[in-house]
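One structure is given here, and the rest of the page talks about it.
The values are calculated or read from the model by the stated rules, or taken from the named source; none is laboratory data. Not measured: the values here are computed from a predicted model. Methodologically, a virtual Cβ is constructed for each residue, glycine included, from the backbone with ideal geometry; neighbour enumeration extends over all protein chains shown.
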Amino acid sequence: MKTIHLFVLALMQVSILPAAAQILQDSDSIPQNETRSIDRLFVLADQVVDVLSTDTWTFIPAVTYSPETSLGIGGRALRIFRTGEGLPADTRPSSLPLTFLYTLKHQLILTGELELWMKENRSFLHSRVIVSDYPFQFSGIGNEIMPAENYATRYLYFHLYYEKRIGRGIYLGPRYEFRIDDIYGKSPGGLLEAGNIPGSEGPRLSGLGLALNVDRRDNIFQPGSGVYHQLTWMKFHSFFGSNFDFNQWVLDLRKYWSLGSGHIFVGQARFSFTQGNAPFQHLSMWGGSDLMRGYFEGRYRDKHAMVYQAEWRFPVYRNLGMVAFGSAGQVGDELAAFGVNSNLRFAGGLGFRYRLNEEGLNLRIDFAFGDQPAFYFGLNEVI
(Lines give C-alpha, C1' and ligand atoms only; values in the text may rest on other atoms or scores of the structure.)
Protein backbone atom coordinates (compact mmCIF):
# COMPACT_ATOMS: atom_id res chain seq x y z
CA MET A 1 0.00 0.00 0.00
CA LYS A 2 2.87 2.38 0.80
CA THR A 3 4.29 1.77 -2.68
CA ILE A 4 0.93 2.77 -4.23
CA HIS A 5 0.80 5.94 -2.13
CA LEU A 6 4.30 6.91 -3.22
CA PHE A 7 3.43 6.24 -6.87
CA VAL A 8 0.38 8.52 -6.60
CA LEU A 9 2.51 11.18 -4.93
CA ALA A 10 5.12 10.94 -7.69
CA LEU A 11 2.39 11.17 -10.37
CA MET A 12 1.03 14.33 -8.73
CA GLN A 13 4.52 15.83 -8.66
CA VAL A 14 5.15 15.06 -12.33
CA SER A 15 1.80 16.41 -13.52
CA ILE A 16 1.05 19.36 -11.24
CA LEU A 17 4.29 20.96 -10.05
CA PRO A 18 5.82 21.93 -13.41
CA ALA A 19 2.49 23.42 -14.49
CA ALA A 20 2.32 25.50 -11.32
CA ALA A 21 5.91 26.62 -11.81
CA GLN A 22 5.18 27.64 -15.40
CA ILE A 23 2.22 29.74 -14.28
CA LEU A 24 4.46 31.65 -11.87
CA GLN A 25 7.21 32.08 -14.45
CA ASP A 26 4.75 33.40 -17.05
CA SER A 27 4.06 36.83 -15.59
CA ASP A 28 1.44 37.56 -18.29
CA SER A 29 -0.86 34.98 -16.70
CA ILE A 30 -0.84 36.78 -13.33
CA PRO A 31 -2.74 40.04 -12.70
CA GLN A 32 -0.34 43.01 -12.64
CA ASN A 33 -1.10 43.97 -9.02
CA GLU A 34 -0.40 40.41 -7.87
CA THR A 35 2.85 40.33 -9.86
CA ARG A 36 3.97 43.52 -8.12
CA SER A 37 3.15 42.02 -4.72
CA ILE A 38 5.16 38.89 -5.52
CA ASP A 39 8.09 41.01 -6.73
CA ARG A 40 8.02 43.11 -3.56
CA LEU A 41 8.10 39.94 -1.47
CA PHE A 42 11.21 38.68 -3.27
CA VAL A 43 12.89 42.10 -3.07
CA LEU A 44 12.24 42.10 0.69
CA ALA A 45 13.76 38.62 1.01
CA ASP A 46 16.86 39.75 -0.90
CA GLN A 47 17.17 42.83 1.34
CA VAL A 48 17.00 40.68 4.48
CA VAL A 49 19.85 38.52 3.15
CA ASP A 50 21.86 41.67 2.34
CA VAL A 51 21.33 43.11 5.84
CA LEU A 52 22.60 39.87 7.40
CA SER A 53 25.70 39.84 5.19
CA THR A 54 29.07 41.61 5.24
CA ASP A 55 31.78 41.61 2.60
CA THR A 56 33.14 38.32 3.97
CA TRP A 57 30.48 36.73 6.21
CA THR A 58 26.77 35.96 6.09
CA PHE A 59 24.97 35.67 9.43
CA ILE A 60 21.78 33.63 9.40
CA PRO A 61 19.42 33.10 12.33
CA ALA A 62 19.45 29.30 12.28
CA VAL A 63 15.93 27.95 12.54
CA THR A 64 15.98 24.25 11.70
CA TYR A 65 13.52 21.41 11.95
CA SER A 66 13.70 17.64 11.55
CA PRO A 67 12.08 14.66 13.29
CA GLU A 68 15.42 13.95 15.00
CA THR A 69 15.73 17.40 16.59
CA SER A 70 12.26 18.98 16.50
CA LEU A 71 12.58 22.78 16.29
CA GLY A 72 16.13 24.06 16.61
CA ILE A 73 17.04 27.71 17.17
CA GLY A 74 20.48 29.26 17.03
CA GLY A 75 22.82 31.02 14.67
CA ARG A 76 24.98 30.28 11.68
CA ALA A 77 27.93 32.28 10.38
CA LEU A 78 28.99 31.45 6.84
CA ARG A 79 31.99 32.61 4.87
CA ILE A 80 32.39 31.90 1.15
CA PHE A 81 35.81 32.76 -0.24
CA ARG A 82 38.53 31.86 -2.74
CA THR A 83 42.19 31.37 -1.90
CA GLY A 84 44.70 33.50 -3.80
CA GLU A 85 44.40 36.42 -6.21
CA GLY A 86 43.93 36.67 -9.95
CA LEU A 87 42.39 33.21 -10.03
CA PRO A 88 40.72 31.62 -13.08
CA ALA A 89 36.94 31.87 -13.28
CA ASP A 90 36.54 28.13 -12.67
CA THR A 91 38.36 28.23 -9.30
CA ARG A 92 36.00 26.69 -6.79
CA PRO A 93 34.82 28.66 -3.75
CA SER A 94 35.86 27.53 -0.29
CA SER A 95 33.38 27.66 2.59
CA LEU A 96 33.51 27.96 6.37
CA PRO A 97 30.15 27.52 8.16
CA LEU A 98 29.97 27.79 11.97
CA THR A 99 26.72 26.72 13.64
CA PHE A 100 25.21 26.81 17.12
CA LEU A 101 21.84 25.13 17.75
CA TYR A 102 19.63 24.35 20.70
CA THR A 103 16.52 22.26 20.07
CA LEU A 104 13.20 21.67 21.78
CA LYS A 105 14.43 18.12 22.49
CA HIS A 106 17.18 19.71 24.63
CA GLN A 107 19.94 18.96 22.13
CA LEU A 108 22.97 21.24 22.05
CA ILE A 109 24.94 21.18 18.80
CA LEU A 110 28.12 23.10 17.92
CA THR A 111 29.51 22.54 14.43
CA GLY A 112 32.43 23.92 12.47
CA GLU A 113 33.27 22.83 8.93
CA LEU A 114 35.91 23.87 6.42
CA GLU A 115 35.94 23.05 2.71
CA LEU A 116 39.15 24.53 1.33
CA TRP A 117 40.01 24.48 -2.39
CA MET A 118 43.66 25.37 -3.05
CA LYS A 119 46.09 25.86 -5.92
CA GLU A 120 43.43 26.41 -8.60
CA ASN A 121 41.47 23.28 -7.63
CA ARG A 122 44.58 21.07 -7.60
CA SER A 123 44.16 20.19 -3.91
CA PHE A 124 41.29 20.04 -1.44
CA LEU A 125 41.03 19.89 2.36
CA HIS A 126 37.88 19.08 4.30
CA SER A 127 37.52 19.23 8.07
CA ARG A 128 34.54 18.97 10.40
CA VAL A 129 34.21 19.28 14.18
CA ILE A 130 30.98 18.52 16.08
CA VAL A 131 30.47 18.92 19.83
CA SER A 132 27.04 17.82 20.97
CA ASP A 133 24.85 16.91 23.91
CA TYR A 134 22.28 14.88 22.07
CA PRO A 135 19.19 13.05 23.38
CA PHE A 136 18.31 10.57 20.65
CA GLN A 137 16.54 7.26 19.87
CA PHE A 138 17.71 3.71 19.22
CA SER A 139 15.47 1.26 17.35
CA GLY A 140 17.66 -1.82 17.34
CA ILE A 141 19.80 -3.35 14.61
CA GLY A 142 18.44 -4.94 11.43
CA ASN A 143 15.07 -4.86 9.68
CA GLU A 144 12.89 -5.92 12.59
CA ILE A 145 10.46 -3.18 13.58
CA MET A 146 11.09 -2.41 17.26
CA PRO A 147 9.82 0.35 19.55
CA ALA A 148 12.34 3.18 19.76
CA GLU A 149 14.06 3.65 23.11
CA ASN A 150 15.48 6.96 24.29
CA TYR A 151 19.06 7.63 25.28
CA ALA A 152 21.39 10.61 25.41
CA THR A 153 25.01 11.05 24.47
CA ARG A 154 27.63 13.73 24.82
CA TYR A 155 30.00 13.28 21.92
CA LEU A 156 32.91 14.83 20.08
CA TYR A 157 33.42 14.07 16.39
CA PHE A 158 36.27 15.17 14.15
CA HIS A 159 37.35 14.27 10.64
CA LEU A 160 40.03 15.56 8.33
CA TYR A 161 40.95 14.56 4.82
CA TYR A 162 43.27 16.02 2.23
CA GLU A 163 43.19 15.18 -1.45
CA LYS A 164 45.37 16.04 -4.43
CA ARG A 165 44.25 16.03 -8.05
CA ILE A 166 45.78 13.12 -9.97
CA GLY A 167 43.74 13.45 -13.17
CA ARG A 168 40.92 15.52 -14.67
CA GLY A 169 38.54 15.91 -11.74
CA ILE A 170 40.11 12.91 -9.95
CA TYR A 171 41.33 13.37 -6.37
CA LEU A 172 43.08 10.97 -3.98
CA GLY A 173 44.22 11.40 -0.40
CA PRO A 174 44.28 10.25 3.24
CA ARG A 175 41.45 10.56 5.72
CA TYR A 176 41.30 10.55 9.54
CA GLU A 177 38.24 10.17 11.80
CA PHE A 178 37.79 10.41 15.56
CA ARG A 179 34.70 10.09 17.74
CA ILE A 180 34.17 9.64 21.47
CA ASP A 181 30.78 9.20 23.18
CA ASP A 182 29.63 9.49 26.77
CA ILE A 183 26.24 7.74 26.82
CA TYR A 184 23.78 8.45 29.62
CA GLY A 185 20.04 8.53 30.17
CA LYS A 186 19.39 5.03 28.82
CA SER A 187 15.82 3.74 28.90
CA PRO A 188 15.31 1.41 31.90
CA GLY A 189 15.10 -2.18 30.73
CA GLY A 190 16.09 -1.24 27.19
CA LEU A 191 18.58 -2.83 24.83
CA LEU A 192 21.28 -0.26 25.55
CA GLU A 193 20.96 -0.56 29.33
CA ALA A 194 21.40 -4.34 29.06
CA GLY A 195 24.89 -3.68 27.67
CA ASN A 196 24.71 -6.27 24.88
CA ILE A 197 24.77 -3.76 22.02
CA PRO A 198 28.30 -2.83 20.85
CA GLY A 199 28.79 0.85 21.63
CA SER A 200 26.23 0.99 24.45
CA GLU A 201 28.98 1.82 26.96
CA GLY A 202 30.31 4.66 24.81
CA PRO A 203 32.78 4.05 21.99
CA ARG A 204 36.09 5.73 21.29
CA LEU A 205 36.79 5.55 17.57
CA SER A 206 40.01 6.52 15.82
CA GLY A 207 40.89 5.47 12.30
CA LEU A 208 42.81 6.18 9.13
CA GLY A 209 41.76 5.59 5.56
CA LEU A 210 41.77 6.73 1.95
CA ALA A 211 39.34 8.66 -0.23
CA LEU A 212 39.13 8.61 -4.03
CA ASN A 213 36.89 11.23 -5.67
CA VAL A 214 35.81 11.83 -9.24
CA ASP A 215 34.39 15.36 -9.06
CA ARG A 216 33.30 16.95 -12.34
CA ARG A 217 30.37 19.03 -11.12
CA ASP A 218 29.83 22.44 -12.68
CA ASN A 219 28.88 23.96 -9.29
CA ILE A 220 29.67 22.51 -5.86
CA PHE A 221 26.68 24.09 -4.09
CA GLN A 222 24.00 23.59 -6.75
CA PRO A 223 25.26 21.20 -9.45
CA GLY A 224 23.49 21.32 -12.78
CA SER A 225 25.63 18.86 -14.73
CA GLY A 226 28.53 16.47 -14.27
CA VAL A 227 29.27 13.67 -11.82
CA TYR A 228 30.44 13.23 -8.24
CA HIS A 229 31.67 9.76 -7.32
CA GLN A 230 33.43 8.95 -4.05
CA LEU A 231 34.97 5.76 -2.68
CA THR A 232 36.21 5.83 0.92
CA TRP A 233 37.83 3.19 3.08
CA MET A 234 38.32 3.59 6.84
CA LYS A 235 40.24 1.32 9.22
CA PHE A 236 39.47 1.76 12.91
CA HIS A 237 41.98 -0.08 15.10
CA SER A 238 43.43 -0.11 18.61
CA PHE A 239 46.76 0.88 17.07
CA PHE A 240 45.21 4.30 16.35
CA GLY A 241 43.60 4.53 19.81
CA SER A 242 40.20 3.01 18.97
CA ASN A 243 38.43 0.57 21.30
CA PHE A 244 36.62 -1.00 18.31
CA ASP A 245 38.32 -2.72 15.38
CA PHE A 246 36.50 -2.68 12.03
CA ASN A 247 36.67 -1.64 8.38
CA GLN A 248 34.11 0.43 6.52
CA TRP A 249 33.77 1.10 2.80
CA VAL A 250 31.40 3.69 1.32
CA LEU A 251 30.71 4.07 -2.41
CA ASP A 252 28.70 7.17 -3.34
CA LEU A 253 27.74 7.62 -7.02
CA ARG A 254 25.96 10.80 -8.22
CA LYS A 255 25.04 12.02 -11.70
CA TYR A 256 23.52 15.37 -12.71
CA TRP A 257 21.58 15.90 -15.95
CA SER A 258 20.58 19.33 -17.26
CA LEU A 259 17.16 19.08 -18.93
CA GLY A 260 17.06 22.68 -20.14
CA SER A 261 15.22 25.79 -18.88
CA GLY A 262 16.72 25.34 -15.42
CA HIS A 263 15.35 21.81 -14.95
CA ILE A 264 17.84 19.35 -13.43
CA PHE A 265 17.54 15.63 -12.74
CA VAL A 266 19.84 14.02 -10.14
CA GLY A 267 20.43 10.36 -9.40
CA GLN A 268 22.37 8.85 -6.49
CA ALA A 269 23.32 5.31 -5.48
CA ARG A 270 25.07 4.92 -2.13
CA PHE A 271 26.47 1.68 -0.69
CA SER A 272 28.01 1.23 2.76
CA PHE A 273 29.74 -1.99 3.87
CA THR A 274 31.05 -2.76 7.37
CA GLN A 275 33.39 -5.58 8.36
CA GLY A 276 34.32 -6.35 11.96
CA ASN A 277 33.02 -5.24 15.35
CA ALA A 278 31.49 -1.79 14.80
CA PRO A 279 29.53 0.11 17.49
CA PHE A 280 25.89 0.84 16.73
CA GLN A 281 26.70 4.55 16.23
CA HIS A 282 28.92 3.72 13.24
CA LEU A 283 27.01 0.92 11.53
CA SER A 284 25.73 1.43 8.00
CA MET A 285 22.41 3.28 8.29
CA TRP A 286 20.04 5.69 6.67
CA GLY A 287 17.29 8.15 7.57
CA GLY A 288 17.41 11.83 8.45
CA SER A 289 17.76 14.90 6.26
CA ASP A 290 20.23 13.48 3.71
CA LEU A 291 19.48 9.77 3.15
CA MET A 292 15.87 8.54 2.89
CA ARG A 293 14.06 11.66 4.07
CA GLY A 294 10.87 10.53 5.80
CA TYR A 295 12.61 8.05 8.11
CA PHE A 296 14.11 8.85 11.49
CA GLU A 297 17.92 8.99 11.32
CA GLY A 298 19.31 5.55 12.15
CA ARG A 299 15.84 3.98 12.21
CA TYR A 300 17.33 1.12 10.20
CA ARG A 301 20.98 0.19 10.65
CA ASP A 302 23.09 -2.93 10.10
CA LYS A 303 26.45 -4.00 8.72
CA HIS A 304 25.51 -3.02 5.18
CA ALA A 305 23.15 -0.43 3.67
CA MET A 306 22.11 0.58 0.17
CA VAL A 307 20.19 3.73 -0.79
CA TYR A 308 18.97 4.94 -4.19
CA GLN A 309 17.75 8.54 -4.50
CA ALA A 310 16.50 10.77 -7.31
CA GLU A 311 15.55 14.45 -7.45
CA TRP A 312 13.97 16.66 -10.07
CA ARG A 313 14.77 20.35 -9.54
CA PHE A 314 13.12 23.18 -11.43
CA PRO A 315 12.77 26.98 -11.16
CA VAL A 316 9.55 28.63 -10.02
CA TYR A 317 10.09 32.39 -9.81
CA ARG A 318 13.22 34.50 -9.45
CA ASN A 319 15.31 32.92 -6.65
CA LEU A 320 12.63 30.37 -5.75
CA GLY A 321 12.76 26.78 -6.96
CA MET A 322 11.14 23.44 -6.16
CA VAL A 323 12.18 19.79 -6.06
CA ALA A 324 10.35 16.47 -6.23
CA PHE A 325 12.28 13.54 -4.79
CA GLY A 326 12.03 9.82 -4.14
CA SER A 327 14.24 7.16 -2.59
CA ALA A 328 14.50 3.46 -1.83
CA GLY A 329 16.75 1.79 0.72
CA GLN A 330 17.68 -1.42 2.50
CA VAL A 331 19.91 -2.63 5.33
CA GLY A 332 21.19 -6.15 6.00
CA ASP A 333 23.85 -8.17 7.81
CA GLU A 334 24.90 -9.93 4.60
CA LEU A 335 24.79 -9.07 0.91
CA ALA A 336 22.40 -11.94 0.16
CA ALA A 337 19.71 -10.05 2.10
CA PHE A 338 19.47 -7.33 -0.55
CA GLY A 339 17.00 -7.39 -3.39
CA VAL A 340 13.37 -6.66 -4.21
CA ASN A 341 11.78 -7.96 -1.03
CA SER A 342 9.86 -6.84 2.06
CA ASN A 343 12.98 -5.14 3.45
CA LEU A 344 13.10 -2.64 0.57
CA ARG A 345 11.59 0.61 1.84
CA PHE A 346 10.50 3.74 0.01
CA ALA A 347 10.15 7.46 0.64
CA GLY A 348 9.33 10.58 -1.36
CA GLY A 349 8.31 14.19 -1.08
CA LEU A 350 8.42 17.81 -2.22
CA GLY A 351 10.70 20.70 -1.40
CA PHE A 352 11.32 24.40 -1.88
CA ARG A 353 14.66 26.12 -2.52
CA TYR A 354 15.59 29.79 -2.12
CA ARG A 355 18.89 30.86 -3.65
CA LEU A 356 20.91 33.02 -1.25
CA ASN A 357 23.85 34.11 -3.41
CA GLU A 358 25.43 33.90 -6.84
CA GLU A 359 27.51 30.89 -5.81
CA GLY A 360 24.30 28.85 -5.63
CA LEU A 361 23.91 28.45 -1.85
CA ASN A 362 20.30 27.51 -1.05
CA LEU A 363 17.88 27.58 1.82
CA ARG A 364 16.09 24.22 1.80
CA ILE A 365 12.60 23.19 2.95
CA ASP A 366 11.52 19.58 2.39
CA PHE A 367 8.28 17.73 3.12
CA ALA A 368 8.87 13.97 3.06
CA PHE A 369 6.82 10.81 3.49
CA GLY A 370 8.43 7.51 4.55
CA ASP A 371 7.30 5.54 7.56
CA GLN A 372 6.24 8.93 8.96
CA PRO A 373 5.59 12.44 7.61
CA ALA A 374 8.67 14.60 8.10
CA PHE A 375 9.66 18.24 7.64
CA TYR A 376 13.23 19.45 7.13
CA PHE A 377 14.64 22.97 7.03
CA GLY A 378 18.29 23.75 6.42
CA LEU A 379 21.00 24.78 3.94
CA ASN A 380 22.40 23.28 0.73
CA GLU A 381 21.19 20.49 -1.51
CA VAL A 382 20.87 16.91 -0.25
CA ILE A 383 22.47 15.32 -3.32
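In region 214-227, how many are at pLDDT 95 or above and either outside any strand (DSSP E or B) or surrounded by fewer than 20 Cβ atoms within 10 Å (Cβ to Cβ) (or both)? It would help to see each step written out before you state the result.
Applying the first criterion (at pLDDT 95 or above) to region 214-227 yields 214-217, 225-227.
With the extra rule that they be either outside any strand (DSSP E or B) or surrounded by fewer than 20 Cβ atoms within 10 Å (Cβ to Cβ) (or both), the set shrinks to 214, 216-217, 225-227.
So the count comes out to 6.
Scanning region 274-295 for residues that are over 27 Å from Phe367 (Cβ atoms) and in contact (Cβ under 8 Å) with a residue 60 or more places away in the chain, which turns out surrounded by the fewest Cβ atoms within 10 Å (Cβ to Cβ)?
Looking at residues that are over 27 Å from Phe367 (Cβ atoms) and in contact (Cβ under 8 Å) with a residue 60 or more places away in the chain, I get Asn277.
Cβ-Cβ under 9 Å, sequence separation 6+ or interchain: first residue in region 123-152 and under 19 Å from Thr69 (Cα atoms) and touching a residue at least 12 places away in the same chain (Cβ under 8 Å), partner β-branched (Val, Ile, Thr) and in a loop (DSSP other than H, G, I, E, B). Which pairs?
Tyr134/Thr69; Phe138/Ile197; Ser139/Ile145
Return yes when Leu156 is under 20 Å from the mean Cα position of the chain (by Cα), modelled with pLDDT of 95 or more and among the aliphatic types (A, V, I, L, M) and no when it is not.
Numbers: under 20 Å from the mean Cα position of the chain (by Cα): yes; modelled with pLDDT of 95 or more: yes; among the aliphatic types (A, V, I, L, M): yes.
Spelling it out, Leu156 is indeed under 20 Å from the mean Cα position of the chain (by Cα), modelled with pLDDT of 95 or more and among the aliphatic types (A, V, I, L, M).
From the residues in region 243-272 that are touching a residue at least 40 places away in the same chain (Cβ under 8 Å) and aromatic (Phe, Trp, Tyr), which one is nearest to Ala305 (Cα to Cα)?
Phe244
How about region 106-162: which of its residues are in contact with a strand residue (DSSP E or B) (Cβ under 8 Å, 6 or more places away or on another chain), farther than 21 Å from Trp286 by Cα and not in a strand (DSSP E or B)?
Hits for region 106-162 are His106, Asn121, Arg122.
Please indicate, with yes or no, whether at least one residue in region 307-324 is within 30 Å of Pro135 (Cβ to Cβ), without any contact (Cβ under 8 Å) to a residue 60 or more places away in the chain and not aliphatic (A, V, I, L, M).
So far as region 307-324 goes, no, none of its residues is within 30 Å of Pro135 (Cβ to Cβ), without any contact (Cβ under 8 Å) to a residue 60 or more places away in the chain and not aliphatic (A, V, I, L, M).
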